[in-house]
1. Pull out all pairs, ordered by first then second residue, where Cβ-Cβ is under 7 Å, the residues are six or more apart or on different chains, the first lies in the range 118-129 and is under 9 Å from residue 93 (Cβ atoms), and the second is open to solvent by 40 Å² or more (accessible area, probe 1.4 Å) and assigned to a helix (DSSP H, G or I).
2. Kindly establish whether residue 16 is in a loop (DSSP other than H, G, I, E, B) and either touching a Cys at 6+ places or on another chain (Cβ under 9 Å) or within 22 Å of residue 120 (Cα to Cα) (or both).
3. Based on what the data block shows, is residue 12 open to solvent by 90 Å² or more (accessible area, probe 1.4 Å), over 15 Å from residue 132 (Cα atoms) and in contact (Cβ under 8 Å) with a residue 24 or more places away in the chain?
4. Could you list, in sequence order, all residues of the range 69-87 that are assigned to a strand (DSSP E or B), under 17 Å from residue 6 (Cα atoms), open to solvent by less than 60 Å² (accessible area, probe 1.4 Å) and not hydroxyl-bearing (Ser, Thr, Tyr)?
5. What about residue 43, is it part of a strand (DSSP E or B) and of a type in the set (Gly, Ala, Ser)?
6. Cβ-Cβ below 9 Å, separation at least six or inter-chain, first residue in the range 66-84 and in contact (Cβ under 8 Å) with a residue 60 or more places away in the chain and within 16 Å of residue 38 (Cα to Cα), second exposed (fewer than 15 other Cβ atoms within 10 Å of the Cβ) and polar (S, T, N, Q): which pairs?
7. Among the listed residues 99, 136, which satisfies the condition of being closer than 18 Å to residue 36 by Cα, open to solvent by 80 Å² or more (accessible area, probe 1.4 Å), at pLDDT 95 or above and outside any loop (DSSP other than H, G, I, E, B)?
8. What are the residues in the range 20-72 that are farther than 20 Å from residue 135 by Cα and among the aliphatic types (A, V, I, L, M), if any?
Amino acid sequence: MSDSLTTEDLEFLSRPLYGFLSVAAGPVPAQPRPVWFEATAEGTIQLFTDPNSLKVRRLRRDPRASIVVAAPVGERERWLAVSGPVAVETDGAHELAERLAARYWDADDPSRVDDLAEILGADQVRLVIQPDDVRRFVY
């Protein structure tokens, strides 16, 4: 356990893996949702979402969240869990969405052009998790 991401963590998180986000103040038990994410060079985790989403409303009441990322089936077992306070930022969400779309989608798929245009045409906010607890498992 630590409070920051290592170089190895950042390398793992740079892959197009799904993260499972849980926010505080949710139902018991927590109900994680799969999300696209980006680990930054500064050691934060960021994602984008609709500013009126339930997760944003919950984060405004209690700004704590965690994200868990696991290696896919067929690879050696590995997971990383990051939790900490979350800032809801009004800038940079569309740029983040463009970067993540290029990472997660086939850029040559014409149907994705419309999907990305829909995302970029909607209001988005950027959620930034500042890690205060990082747990990892590598088998």
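The values are calculated or read from the model by the stated rules, or taken from the named source; none is laboratory data. Treat the numbers as computed from the prediction; the structure is a model and nothing was measured. FYI the Cβ positions are ideal-geometry reconstructions off the backbone, even for glycines, and counts take in every protein chain you see. Ligands, DNA and RNA are excluded from the accessible area calculation, which covers all protein heavy atoms including side chains. Shrake-Rupley method; radii C 1.70, N 1.55, O 1.52, S 1.80 Å.
1. 124/94
2. Answer is yes for this residue.
3. It is false that residue 12 is open to solvent by 90 Å² or more (accessible area, probe 1.4 Å), over 15 Å from residue 132 (Cα atoms) and in contact (Cβ under 8 Å) with a residue 24 or more places away in the chain.
4. Within the range 69-87, 69, 70, 80, 81, 82, 84 meet the criteria.
5. Criteria not met by residue 43.
6. Short answer, once both residue conditions are applied: none.
7. Among 99, 136, only 99 is closer than 18 Å to residue 36 by Cα, open to solvent by 80 Å² or more (accessible area, probe 1.4 Å), at pLDDT 95 or above and outside any loop (DSSP other than H, G, I, E, B).
8. Those that are farther than 20 Å from residue 135 by Cα and among the aliphatic types (A, V, I, L, M): 25, 28, 54, 56, 59.
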